[in-house]
Amino acid sequence: QMSDQQKMSESPLSRFRGVYLPPELHPLNKTLVKGGKWKDVDSTQEKRRSFLHDFCKKYNSRKKLQTHLVHLVSRIYVEDRHKVLYCEVPKAGCSNWKRVLMVLNGLAASAHNISHDDVHYGKHLRKLDSYDLKGIYARLNTYTKAIFVRDPMERLVSAFRDKFEHPNSYYHPVFGKAIIKKYRHNANEEALKTGSGVKFKEFIQYLLDSHRPVGMDIHWEQVTKLCYPCLINYDFIGKFETLEEDANYFLQLVGAPAELKFPKFKDRHSSDERTSTEVVRQYLKELSKEERQLTYDFYYLDYLMFNYTSP
């Protein structure tokens, strides 16, 4: 029987040991995969899994982390029918993934007729942090856990274009105003009032500022802080660069209906050119050499963990 004082002084981590990286990598259950066409995707998948596992063993961030389990799983969506956990990384195909989860869950007949607002504001899907500790543990230990990532600079530029180059009733007044006020000298009254027209360089100044005038946002937060890939042992690591084949292979793994394919459409601003390496290069030209280096440093762990080449 521990005294109340002992219980209080116990570190929050000690009660949540079960969640951390197991010493060995669990093999993926491939019994539901049909046909031989997935051989290359599967081999890439195994390489990504062992790369991340080895990286985490070396890096071992568990010493540095003092985070409650409920916070660790706050970005993970649950699909109970096919026993899937999906950690949401914005700007890496997450809208279409949520559509797919809704179809898997029987909430929609097809991924193609679900609107953007329904996906993001419909509250149709449960997150893992809404279960009690027993429910969280049971799912972490038995469900197939997936994460889909993207080249960090591409993801960052994509988020900037989406939130600041199009009318937005949240990002302009909340982030735009604060960014223009702090980083634009001689800003005119209109810009200060609306928060529209933030330049990429100003956005980067905000991102790198240790005294940001407004907090962080999931669209440009590091994947390491959204999904904790060294603490939660993901079974499947998909990449935006190979999104379609990775996603369709994953759907096979979890026994999804044969007719369900990952949607190809671009969720919003469909007439815009996709954020590619070339598009990113144009945006990075607006920054000084030092700003480029500091932005890379900001996403350094994401680059390392998921084996992306530095830009």
Go through the stretch 271-295 and report how many residues are exposed (fewer than 13 other Cβ atoms within 10 Å of the Cβ), in a loop (DSSP other than H, G, I, E, B) and charged (D, E, K, R). 3
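Residues checked against (1) without any contact (Cβ under 8 Å) to a residue 24 or more places away in the chain; (2) surrounded by fewer than 20 Cβ atoms within 10 Å (Cβ to Cβ); (3) among the hydrophobic types (A, V, I, L, M, F, W, C):
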site: V119; (1), (2), (3): no, no, yes
site: Y137; (1), (2), (3): no, yes, no
site: P152; (1), (2), (3): no, no, no
site: L156; (1), (2), (3): no, no, yes
site: F160; (1), (2), (3): no, no, yes
The lone exception for C230 - which of (1) in contact with a helix residue (DSSP H, G or I) (Cβ under 9 Å, 6 or more places away or on another chain); (2) open to solvent by 30 Å² or more (accessible area, probe 1.4 Å) it fails: (2)
Output the qualifying pairs, or none if there are none: Cβ atoms under 6 angstrom, residues six or more apart or on different chains, first residue in the stretch 230-245 and within 18 Å of S276 (Cα to Cα), second residue hydroxyl-bearing (S, T, Y) and open to solvent by 40 Å² or more (accessible area, probe 1.4 Å). none
Can you tell me which residues in the stretch 184-200 are under 28 Å from the mean Cα position of the chain (by Cα) and farther than 22 Å from R150 by Cβ? G195, S196, G197, K199
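The values are calculated or read from the model by the stated rules, or taken from the named source; none is laboratory data. Bear in mind that the values here come from a model prediction, so they are computed numbers and not experimental data. Neighbour counts are summed over all protein chains in view; Cβ atoms, including those assigned to glycine, are modelled from backbone coordinates with ideal geometry. Calculation scope for accessible area: heavy atoms of the full protein, side chains included, ligands and nucleic acids excluded. Shrake-Rupley method; radii C 1.70, N 1.55, O 1.52, S 1.80 Å.
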